[in-house]
Amino acid sequence: MVVARAGSLIFERNLYYGARFLAQIAQNLLFAALFVIAGTSSDAAIGLSSVFAAMLVPALLFGLVGGAIVDRLGPGRGLALGAVLRFGVVAAAVAFMRSPSEAWMVAFAYSAVSQIFSPAEMALVRSIRSDGFGKTHSLLVALQYGGQGIGMLLIAPALWWLGGANAILLGSAVGFFALCAAAFVLSSRLRNTPAAKAVVDPHAFNFRRTCRFFQREALARDAVTALAMKALVTQGIIVALPLYLSHDIGLGKEALAFLLAPGIAGTVIGLIWAAPAVTKERAGWFMRAGILGMTVGLFALAALDYGLIAVYEYTPLEALVNFEVSMNTTFVVALPVALLIGLSLSLALVAARVALTETAPLGQQARVFAVQGTLTEMIVVAPLLLMGVGTQYAGARPMLAAIGLIGAVAFILIEHPRFKLAPRPALEPALVPVPID
């Protein structure tokens, strides 16, 4: 009953979606500025690697504390606090950053305060909706990708043309200032709603309940696995794609546009499919389907075209041989695979977030997402560190096959009877109306 009243918060829900979109635009303007500043210095490689490392470390150091702060304050106030801290970091960068070597410090500070903002964003879903979480998370992912594209590909180049990296950084600060205003209005309107009061935990810094939740909730553990696999595949493809295009496909960077098109199409199809279809009961199936699709796609990129070439070479049909000679088999294979991987990534991402939102108890939403984020970073940090070296010396195909092997192991683990989903008692007792005489 208490949470169900959140279904009528239409204005707050739309404001939340707008804040999500605005946050992504401002964040990607900041990233664009930092990459330009660090990448144009005399030690560009060191500068860029230090920025990436500075973004990764705070999630491991401060993720759990950030989740606890949000659960103690409530997600609305947590979002406002996180927005203010993000704006403070970017404003300080505008005012005081003078050297490319300082870019990593800005990245570290921004990632540190984001450990409050990010779990608050996810925890707010239960405050603004009582059901239909598949639709909400699909829309959030669409807003995330849309904000990233507009910020990085449209606004950042325009600001660069107007005033260089400083103009991009200033644009990011303006975006975060507007985000602060939206977050404060949202927090104020949610403050006295029953749904907001129900998600404040006075014992938020006690993680024993959250640990017990992950121990007994198989669906949440599967969500951690699916999100870790999604992060690993995304980063692995980004690292391997340049070498794959130039060495294996034999095409220049212009071929990237042809591969992005089916990848984006697959992502859109996945989001449209997941919005009405992903529920708590079906989240496990969609996560497994996503992991399986990613794994098949990676192995296809690594070796499927070799099999097709062998079929063409040993086939008795001359027409097939001539067809193989006239086309780039590797590129032809990569097109449908890009569609499959885009579809699988979006399905796994939405299903995993729905699983966490549905299973995490009220008052622990932020801590659950914070623990998930920390565990995901811990799982993928070592493979990510090895990807660059592995791709450089072993090639793109072996690296993609290695990630595919990790995906196969992950799928087997969550399908093993010991880890398979089983019916579990509800973590929160259902409210039953009691007649009053």
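Grab the Cα-Cα distance for residue 409 and residue 53, subtract it from 0.36 nm times how many residues apart they are, and report the gain in nm with one decimal.
125.5 nm
Which FRET efficiency value, to the nearest 0.05, do you get for residue 261 and residue 181 by plugging their Cβ-Cβ distance into 1/(1 + (r/R0)^6) with R0 = 35 Å?
That pair, residue 261 with residue 181, gives E of 0.45.
Just subtract the alpha-carbon distance of residue 188 and residue 234 from 0.36 nm times their residue separation and send over the number in nm, one decimal.
12.9 nm
Ranking request for peptides 74-80, 206-212, 143-149, 58-64: highest mean number of other beta-carbon atoms within 10 Å first, then the rest in descending order.
Result, highest mean Cβ count within 10 Å first: 74-80, 58-64, 143-149, 206-212.
Once phi is turned into ³J(HN,Hα) by the Karplus curve 6.51 cos²θ - 1.76 cosθ + 1.60 with θ = phi - 60°, what whole-Hz value does each residue of segment 101-114 show in order, with x for glycine and proline?
Ordered by residue, 3J(HN,Hα) equals 5, 8, 4, 5, 5, 5, 4, 5, 5, 5, 5, 5, 6, 5 Hz.
Read phi for every residue in segment 350-365 and hand back ³J(HN,Hα) as whole Hz from Karplus 6.51 cos²θ - 1.76 cosθ + 1.60, θ = phi - 60°, with x for Gly and Pro.
Residue by residue, segment 350-365 yields 5, 4, 5, 5, 4, 4, 5, 4, 6, 8, 5, x, 4, x, 10, 4 Hz.
How do 221, 353, 20 line up, fewest other C-beta atoms within 10 Å first?
Lowest to highest Cβ neighbour count: 221, 20, 353.
Just want the ordering: 287, 378, from fewest to most Cβ atoms lying within 10 Å of their own Cβ.
378, 287
Hey, fewest Cβ within 10 Å first, where do 285, 104, 160 land in order?
Ordered from fewest to most neighbouring Cβ atoms within 10 Å, 285, 104, 160 come out as 285, 160, 104.
Taken together, the values in this text are just the output of simple stated rules run on the coordinates, not laboratory data. For clarity, every value in this text was computed on a predicted model and none was experimentally measured. Quick reminder, even Gly has a Cβ in these numbers, built from the backbone with ideal geometry, and neighbours come from all protein chains shown.
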